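A short write-up of the structure that comes next.
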Amino acid sequence: MSDDGKAAAAKAVAEADASGVARATALFKKTYDGACPTAAAAAPGRVNLIGEHTDYNDGWVFPLALEKSTYMVGAPRGGDATKSRVVCEAFEGVVVEFDVAGDVAPLGGDRKWANYVVGMVAMYVRAAEKEGKSGSIPAFDAAFVSDVPIGGGCRRRLRSRYVLRGHWGVRSGGWRCRGGRKAGDGNMSTGAFLEALTSSPVDATERALRGQATEHEYAKVPCGIMDQLISSRATAGSALLIDCRSHEVAPVPLSDPSVVIVVTNSHVEHDLSGSEYPERRQACTTAVKAIAAKHGSDAEPIKALRDATLDMLADVAGDLDDTTRARAHHVISEDVRTQAARKALEAGDFETVGRLMGESHASLRDDYQVSVPEIDALVDIATNVDGVYGSRITGGGFGGCTVSLTKRDAVDALLAAVEAEYPKASGGTKATCFVTRAGAGARVLEVPSET
């Protein structure tokens, strides 16, 4: 990106952050009798370019942060207060209180949305206590707002509930998002806020791990680390290759001003029995056991499908049923595609990245069987538009969103094609789209003195 381009991008981020903090501050003042916040933070939503259903197989994922974020502002309550209070823009006037001393049980009912805040506070309190800093998190008042679209792969949503996160069409089922993943921007903005409040910065990967622990313990979702790592560690102008075993990350520039990402929400969510994801994870485990029995060794153990090759899978094909073999074929080949996409993006070879995205979609459709006709239609519509390099389903599947790598000057044609063609394939349902570049990760922000 040129210096002018970097300056323009930085200006756009600063303007968005100023707007987000101003909205959150207005909500804070309205909720807490005109008081002013003293700390602010933000964290982005995300979309995965390629690398789907590889995270829980210790593989690689290749997401990027959106240019849209969740914002949190707040201030210590002072005095003898022992309870923190939080309010969310979508539930304006509904204030959730919780104790900041020790572990707090997950909240239920209409307060469930605040579990990402409660859980992160608990994780920071635990970490402080291990360091002999008991009581380092003060009781506080806080307010949240977000411009991250709710939907399938950018911000996870709960049916009829507001989720503090980044995934625009992302699943549901209780506090769980369809596809089993959730709110990275909500707990990462909370983490950055707590660091600002206490003037105690935390390593971005450690922040992400605390967010993952919150997901597991407070949202009851056994998710991988992708959502939290990309929201916490994203670099503006880059996608982030994440090794889900080591948690190592590698920023890869995605800053060519002629190329953008288009996320399209199908507004389709097929009913699931609840067994779809456990069955696929079990198939992966079964395949690993078969491959490890024949090809593993003490020197080169096979602990997950990331350690296997397609040749190894072919060698044990007779020991697996067709479905298990297909599931493993997707994961192993997806890791190969993800690594290849990294090399292609580093070389500025968008044609190859687009081709790999198309192959990823075909694999998710045919081998992993998590696509649906409406998503397939969106992919077909996009790939038939000149200037679209590639398109695929993103997120856990069974509805949600597509992600398309697109020339900037082809965006209008793509949006027009989606508007004209998608309702024919969806029974009249209209899709919605937004355009993004690779945004910045979790960050502490200034609170304007005039607040």
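Miscellaneous remarks
- Straight-line reach from LYS133: taking Cα to Cα under 27 Å and skipping same-chain neighbours fewer than 8 places apart, the lysines in range are LYS83.
- Tail beyond 18 Å, pair distance distribution of the range 268-373 (Cα, percent): 55
- Cα pair distances exceeding 41 angstrom across the chain, given as percent: 16
- Extension gain, ALA81 to SER258: 0.36 nm times the residue separation minus the Cα-Cα distance gives 58.5 nm.
- Cβ-based charge dipole, the range 350-451, positive-most Cα from PHE350, VAL447, GLY428: VAL447
- Candidates PRO201, VAL263, VAL118 compared by Cα position along the dipole of the chain: farthest toward the positive end lies VAL118, with charges placed on Cβ.
- Rough spin-label spacing in nm, given labels placed 7 Å along Cα→Cβ, for LYS303 and GLU89: 4.1
- Solvent-accessible area, 1.4 Å probe, carbon plus sulfur percent, for the range 275-436: 47
- Looking at the chain, the accessible area is 39 square angstrom per residue; that uses a 1.4 Å probe and ignores ligands, DNA and RNA.
- Computed from label points 7 Å out along Cα-Cβ, the spacing between ASP349 and GLN282 is 4.1 nm.
- Cα long-axis angle, helix 276-295 against the chain (0 to 90 degrees, to the nearest 10): 60
- Inter-site label distance for ARG408 and ALA18 at 7 Å from Cα along Cβ, in nm: 2.2
- For a straight C-alpha distance cut-off of 30 angstrom, the lysines reachable from LYS289 (same-chain residues fewer than eight places away being disregarded) are LYS182, LYS220, LYS303.
- If R0 equals 45 Å, the separation of the Cβ atoms of GLU131 and LYS430 corresponds to a calculated FRET efficiency of about 0.30.
- Cα centroids of the range 236-261 and the range 66-104: 32 Å apart.
- Per-residue [θ]222 nm for the chain (sum of -39500 (n - 2.57) over DSSP H runs n ≥ 4, rounded to 500): -13000 deg cm²/dmol
- Full-stretch length increase - LYS30, ASP311 - with 0.36 nm per residue and alpha-carbon distance subtracted: 94.9 nm
- The angle separating the long axis of helix 115-130 from the principal Cα axis of greatest extent in the chain is about 80 degrees.
- For the chain, the longest principal axis of the alpha carbon atoms and the long axis of helix 373-383 meet at an angle near 80°.
- Remark: the chain carries a charge dipole of roughly 980 debye about the Cα centre, counting +1 on each Lys and Arg Cβ and -1 on each Asp and Glu Cβ.
The values are calculated or read from the model by the stated rules, or taken from the named source; none is laboratory data. Because the structure is predicted, anything quoted here is derived from the model rather than measured. Here the Cβ is made from the backbone with ideal geometry for all residues, glycine too, and neighbour counts use every protein chain on show. Note: accessible area is taken over every heavy atom of the protein model, side chains too, but ligands, DNA and RNA are not part of it. Shrake-Rupley method; radii C 1.70, N 1.55, O 1.52, S 1.80 Å.
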